[in-house]
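We did not get these values from a lab; they are worked out from the coordinates using the rules stated. Given the structure is predicted, the values throughout are model-derived calculations rather than measurements. Every residue, glycine among them, receives a Cβ derived from its backbone with ideal geometry; neighbour counts consider all protein chains shown.
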Amino acid sequence: MPGRQRARLSRESRVEMTEIVLPEDSNQNGHAWGGRVMSLIDKAAAIAATRHCRATVVTASVDSLGFLAPVRLGHILRLFASVNDAFRTSMEVGVKVFSEDPLTGHEAHCCSAYVTMVSLDARGRPAPVPDLLPEGPEGRRRRRDALRRRGGRLRARRRKARSRLASPRTRAGS
């Protein structure tokens, strides 16, 4: 479909995933590997972004991923994801992860992340995404926050590009 698609409601992108932490997902201390949790975050974000734009998506960046509580072997992971805002060819997806002890039902917020996903056309080039229609005060707040974070990412990218241009390149070993 050429051009932009119809705007979509934020709820149209919502994802809820559930996983159990198995032995192959955990380290020698019986805690889930951080990389395994990161993989699940990436998967949840990709599903949310795909639901929003109905196209193939790729991960451009992951921001602010900090582990707040350990996830233990046998615990249930619950991931919640949805698009916070849509830009020209990219979307910011918020993902929140909870760990649940299946024996007690106790839940802990173990981490959250903001994932930037880019929509691709059939040739693998960035493609326009639909606008996002935020719902209610919470949706508008998430959109404002996403715009602020995007501004920070773009400023950091420009600073990095300027510093690469300003510093001479050296050959390895010299």
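Numbers for the structure displayed
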| quantity | calculated |
| --- | --- |
| Stokes-Einstein translational diffusion, segment 88-174 - Kirkwood Rh over all Cα pairs, 1.002 mPa s, 20 °C, in µm²/s | 126 |
| Distance in nm between pseudo-label sites at Ala156 and Lys43 (7 Å out along the Cβ direction from Cα) | 2.6 |
| Cα Rg, Dmax (largest Cα-Cα span) when computed across segment 5-154, Å | 16.0, 50 |
| Mean ellipticity per residue at 222 nm, deg cm²/dmol - from DSSP H runs of n ≥ 4 across the chain, formula -39500 (n - 2.57) | -10500 deg cm²/dmol |
| Under the Karplus curve 6.51 cos²θ - 1.76 cosθ + 1.60, θ = phi - 60°, whole-Hz ³J(HN,Hα) for segment 152-166, x wherever Gly or Pro sits | x, 5, 5, 4, 5, 5, 5, 4, 5, 5, 5, 5, 5, 5, 7 |
| DSSP-assigned coil residues among trypsin sites (Lys or Arg not before Pro) in segment 95-174, each with at most 16 further Cβ atoms within 10 Å | Arg123, Arg169, Arg171 |
| GluC sites (Glu not before Pro) lying in DSSP loop within segment 75-165, provided at most 11 other Cβ fall within 10 Å | none |
| Gain upon complete extension [Phe80, Arg141; 0.36 nm per residue less C-alpha separation] | 20.2 nm |
| Relative contact order of segment 1-100, pairs being alpha-carbon contacts under 8 Å that are 6 or more residues apart, as % | 36 |
| Theoretical FRET efficiency, 1/(1+(r/R0)^6), r = Cβ-Cβ of Trp33 and Ala166, R0 41 Å, to 0.05 | 0.60 |
| Intensity falloff of segment 1-62 expressed as log10 I(q)/I(0), Debye formula with alpha-carbon point scatterers, at q = 0.20, 0.22 Å⁻¹ | -0.85, -0.94 |
| Amide H partners (placed H, <5 Å) of Ala127, local residues excluded | Ser119, Leu120, Asp121 |
| Normalised contact order of the chain, rounded percent, pairs of Cα under 8 Å and 6 or more residues apart | 26 |
